[in-house]
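**Student:** Take a look at this one; I'll ask things after.
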Amino acid sequence: MIFDERKEGDYLIYAGALEAPRGQGYIAAVVVNRVRGAGPTPREAYRDDSLACGYRWLSADEALSYALNKGRELIQRERHRLHC
């Protein structure tokens with residue numbers, strides 16, 4: 001398992017590359033928490049433990065990159081929704 005954490009404005013992205021069940025690659029996972037405007041504790045805005053329906057990437061770096069990009073995409077959608 002490989003994990004990464006990124007701060008994107010008012011959000012934290014927790015991304016992971018998890019060894020796929022029965023081997024054969026890695027699956028991507030992401031949790032997005034809103035840290036500002038959520039009260040004293042972060043609020044979970046999104047969670048998916050098996051992004052892309054459990055697609056298996058050949059490398060952990062590919063899975064991790066996909067998870068981080070998906071987290072950023074979700075934050076952009078959330079920002080857009082809040083400003084409309």
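**Student:** Using only DSSP helix segments of four residues or longer, with each worth -39500 (n - 2.57), what per-residue ellipticity at 222 nm results for the chain after dividing by its residue count and rounding to 500?
**Tutor:** The helix-only estimate for the chain comes to -10500 deg cm²/dmol at 222 nm.
**Student:** Could you tell me, in Å, what Rg and Dmax come out for the Cα atoms of the range 10-58?
**Tutor:** Cα radius of gyration and Dmax of the range 10-58 are 13.4, 42 Å respectively.
**Student:** Looking at the chain as a GNM with Cα springs under 10 Å, which of GLY71, GLY23, GLY54 has the largest mean-square fluctuation?
**Tutor:** Most flexible of the set in this elastic network: GLY23.
**Student:** How large is the accessible surface per residue of the chain, computed with a 1.4 Å probe and reported in Å² as a whole number?
**Tutor:** 64
**Student:** Hey, what did the chain get for relative contact order, percent, Cα under 8 Å, at least 6 apart?
**Tutor:** Computed value for the chain: 29 percent relative contact order.
**Student:** Restrict the search to the chain; then list the trypsin sites (Lys or Arg not before Pro) that DSSP places in a loop and that have at most 12 other Cβ atoms within 10 Å of their Cβ.
**Tutor:** Here the sparse-neighbourhood loop sites are ARG22, ARG36.
**Student:** Place +1 on the Cβ of every Lys and Arg and -1 on the Cβ of every Asp and Glu in the chain, take the dipole about the Cα centre, and give the residue among PHE3, ALA45, HIS80 whose Cα lies farthest towards its positive end.
**Tutor:** HIS80
**Student:** Placing +1 at every Lys and Arg Cβ and -1 at every Asp and Glu Cβ, with all other atoms neutral, what dipole size does the chain have around its Cα centre, in debye to the nearest 20?
**Tutor:** 320
**Student:** Suppose we keep just the alpha-carbon trace of the chain; what are its Rg and Dmax in angstrom?
**Tutor:** Rg then Dmax for the chain, in Å: 13.4, 44.
**Student:** Please compute the Cα-Cα pair-distance distribution of the range 39-84 with 5 Å bins starting at 0, giving whole percents from short to long.
**Tutor:** Cα pair-distance distribution for the range 39-84, in percent: 5, 18, 22, 21, 17, 10, 6, 2.
**Student:** Helix 60-83 versus the longest principal axis of the chain: what is the Cα-based angle in degrees, 0 to 90, to the nearest 10?
**Tutor:** Helix 60-83 and the main axis of the chain meet at about 20 degrees.
The values are calculated or read from the model by the stated rules, or taken from the named source; none is laboratory data. Every value quoted in this text rests on a predicted model; they were computed, and no experiment measured them. Positions of Cβ are backbone-derived with ideal geometry, glycine not excepted, and every protein chain shown enters the neighbour counts. Accessible surface areas use protein heavy atoms only, side chains included; no ligands, DNA or RNA. Shrake-Rupley method; radii C 1.70, N 1.55, O 1.52, S 1.80 Å.
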